[in-house]
Each structure stands twice: as C-alpha cells, then as structure tokens.
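The values are calculated or read from the model by the stated rules, or taken from the named source; none is laboratory data. Fair warning: this is a prediction, and the values are worked out from it, not measured in the lab. Glycine gets a Cβ as well: all are built from the backbone with ideal geometry, and neighbour counts include every protein chain shown. We work out accessible area using only protein heavy atoms, side chains counted, and drop any ligands, DNA or RNA first. Shrake-Rupley method; radii C 1.70, N 1.55, O 1.52, S 1.80 Å.
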Amino acid sequence: MAQYDVLVVGSGLFGSIVAHEAAQRGKSVLVLEARDHIGGNCYTECIDGINVHTYGAHIFRTNDRAIWEYLEQFCEFNNFVNSPVANFKGELYNMPFNMNTFARMWNIVTPAQAKEVIESQRVPCDDPANLEEHILSLVGRDIYEKLVKGYTEKQWGKPCTELPPSVMRRIPLRFIFDNNYFNDRYQGIPMGGYTRIMEQMLARADVRTSTDYLDDKEAFDAMADLVVYTGTIDSFYGYRFGPLEYRSLRFEHERLDTDNYQGVAVVNYTDAETPYTRIIEHKHFEFGTQPTTVISREYPQDWQPGIEPFYPMEDEANKARYAQYFELAQAEGKVRFGGRLGEYRYYDMQDTIKSALEKCNEWL
C-alpha cells in the first residue's frame, strides 16, 4: 500500500512547486533529491553573509503579474536590475547593445550615427546558412567580432560557422542609453537567496537528500500513487535510444578579501582566449556591503552522462530522439515528467513556474 499520495523526484523549482501545491491540496508528499541539498540549480549558499548562486546567476524576471505574485508568497524581491558588462581584451562595453555600447565602440554620440555605422558594416543575407552569416547580416563586423563570436563559440563549443542561426535569432539593439538587460516589467533577486524559497515550498513535505530515485526506482514507485519525475527523461529509460545531448558548465568559486572585485554582478568575457565566459560577483545581486566578496568563473564544457546537464542541444537529431522518449512517457501509468530535464527544453524561471502550475492543475 502506498505511503504517500505524491512522490516528487527532484527539489528544484519545478519539483518544489509541485510538492507545495500537492500539500496545499491536502496530499501527503515525499521529495527525493540526489544532491546533498535542495533547490536544484537555483540553490544559493550563504558565505560571509553573501548568497552565492552556486550553479550560476539566477535573475528572476517576468511580465506576468500572477507569476511574480506567486513567488512573492515565499520571498521579498529587491530592485536589482541586470546590467552586465562585456570585457573584450580589456575593452569594456555595456550590454545589451545600446547607445553606451555604440558610443564606446565607435566614438559616436547620436542614434543616427550608430545606425549609420551598423548599416555600413552589415553583410546582407536573405537566407543565412549559419550563425556567423546571420549576425553579420544584422549588426555587422565590429559587434560580431568583439561581442558575439568569441563568447558564443566558447558557450557552445563550436565555430559560429557551424552553429544554426536559431542560436541567436534576434540581437537586442537599443538606440537609447539604457543598460537594463531585460525588458520585463517585474525583475529582481529574492532577498535572502533562492534556497529560502524552496525551504518554504517544501515545508510540508518529507524530504530525503542524497537519495537517487533511479537507484531503486521500483521500490520508490511503490511508495506513492503519483510520481512526478523532474530528472533527465533519457536516464529514466536507461538511455534506451541513446543520451540526449546538453551543453554543460563548470564553476570555480573563490572567496576574496576585498569588498568589491569588479563593480557589477556579471562581466562577460567575449574574447576567444579567456577560457571562461563570465565572472559573477554575487554580493552585487543584493547590494552587499560585506568586507569580503565571492566570485564565480563560469566555464562551458562538453556534456556526457554523469556531468550536470544545463542547456539542451535542441537540434533536429536530439528533437527526434526526445520524441522517442516522449512516446514512451505517454504510456507511463502513474509517472509524470516535467521541468527542464523531464521535458528536454530550456526554461527560464518564469517558464518553469507557469509550467509547474499548469501541470499541477492537470495532475493533482
């Protein structure tokens, strides 16, 4: 006889929302987490009073007021606005590409001058065959060479001439002096970090960390009437059709005895020679005044089973392979698949929340 109404595999944002919503509906919930902590990739660890984004920067943003208010049940947001800086061989440029960027790059002062330079450099192409042709047709040589090429090739591990245009379908060109990276109406960082949010969501569930569901799937399945699985769908089926491909990341965290290392939360290193893509200085997410700081260097890397998957490689071959796994999933009895890994798709946090709430209404 089942001991729980719902078993949730994974305590990231998707799994934590499902656990919370199930408990709100009066259901008993068990959560299994393979890592030694809750929170998935949103996990934040407090070091010297600084909430460190252990698995990379997570900046919450949305235009959906209902999504914003849903998360406000569990936290108070500050007014952080993402304004990253690009470093190309010591030259600093504001991002997204705006009048501050263009003025620094070309020593111009008006939007008309910026548009004239871009138009003079563009290489028109009606049907670009790769990312390089696509970007050159949109913004020309300078922006492509200094701010796109090196960063993108490090991120994806391939030359831009071998990447599809869909990797960067649009380039945000702003002919105003505005360094706000996002256009969303609501944006900020939860004060106190993301882990605190998940702790509240999971407060009414039984949680077991350092427990891998796949080590004893049949026994765990027998413990609940409904299983919500948020891990990789291909590992659930023992990679029957081969592994789905991802791009992964590796982080180097460093505590420094200085109160301010780079003056901004995120600096992107857009040259090809620097091995990491960006440095995150976590205290700036919450306007910290601590006497020390913590920085994280982010290194893209090839993925293989056993390494943490981050970005789905949604090319045609992987989409076709996922379709095979999806067909198997449709025939499952009490197991449901959700989230970034279970659905093999890239989700922002706002997308994760929306999907989780929709799935809860369906499954619960």
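Odds and ends about this structure:
- Applying 1/(1 + (r/R0)^6) with r as the Cβ-Cβ distance of Asp142 and Asp351 and R0 = 35 angstrom yields a FRET efficiency of 0.60.
- Accessible area in square angstrom per residue, region 239-325, 1.4 angstrom probe: 48 Å²
- Between the entries [x] 44, 28, 23; [y] 33, 23, 20; [z] 38, 25, 18, the label attached to semi-axes √(5λ) of the Cα gyration tensor in Å calculated for this structure is [z].
- 14 Å beta-carbon shell around Arg25, net charge (K/R +1, D/E -1): -1
- Annotation for Glu76 and Thr110: the two label points, set 7 Å from Cα along the Cα-Cβ direction, are 4.7 nm apart.
- Estimated inter-spin distance, Val335 and Asp64, nm [label 7 Å along Cα→Cβ]: 2.7 nm
- When only the Cβ of Lys, Arg, Asp and Glu is charged (+1, +1, -1, -1), the dipole of region 129-260 relative to its Cα centre reaches about 560 debye.
- Residue by residue, region 318-325 carries 3J(HN,Hα) couplings of 6, 4, 5, 5, 4, 4, 5, 5 Hz when phi is fed to the Karplus relation 6.51 cos²θ - 1.76 cosθ + 1.60 (θ = phi - 60°); x denotes Gly or Pro.
- Considering only beta bridges that DSSP places wholly inside region 1-68, some 50 percent are antiparallel.
- Separation of region 132-175 and region 54-131, taken as the distance between their Cα centroids, equals 14 angstrom.
- Heavy-atom accessible surface of region 1-91: percent carbon and sulfur, 1.4 Å: 43 percent
- Remark: spin-label model distance Gln121-Ser210 equals 5.3 nm, labels positioned 7 Å along the Cα→Cβ axis.
- Note on region 113-246: dipole from Cβ charges, positive end direction compared against Ile189, Phe175, Pro124; the farthest Cα belongs to Phe175.
- As a rough guide to protection, the peptides 337-344, 256-263 ranked by mean Cβ packing within 10 Å, highest first, stand as 337-344, 256-263.
- Of Gln73, Gln187, Gln200, the one that fluctuates the most in a GNM where the chain has Cα springs shorter than 10 Å: Gln73
- Long pairs among Lys158/Lys354; Lys27/Lys334; Lys149/Lys283, criterion Cα-Cα beyond 21 Å: Lys158/Lys354; Lys149/Lys283
- Per-residue Karplus couplings for region 175-184, computed as 6.51 cos²θ - 1.76 cosθ + 1.60 with θ equal to phi - 60°, are listed in order as 9, 9, 8, 9, 9, 6, 5, 9, 9, 5 Hz, Gly and Pro entered as x.
- Considering only the chain, percent of DSSP beta bridges that pair antiparallel, nearest 5: 60 percent
- Carbon/sulfur fraction of accessible area - region 129-233, other protein chains in place, 1.4 Å, %: 46 percent
- Karplus-derived 3J(HN,Hα), 6.51/-1.76/1.60, for each residue of region 73-86, Hz, glycine and proline x: 4, 10, 7, 10, 8, 8, 9, 4, 10, 6, 9, x, 10, 9
- Taking the chain and dividing mean pair separation by its residue count, relative contact order in percent (alpha carbons under 8 Å, at least six apart): 26 percent
- Shape of region 68-169, Cα gyration tensor, a/c cut at 1.5: oblate
- Surface per residue (accessible, 1.4 Å probe) for region 54-150, Å²: 46 Å²
- Backbone N under 19 Å from the Asn260 label point (7 Å along Cα→Cβ), restricted to region 81-102: 81-87, 92-95
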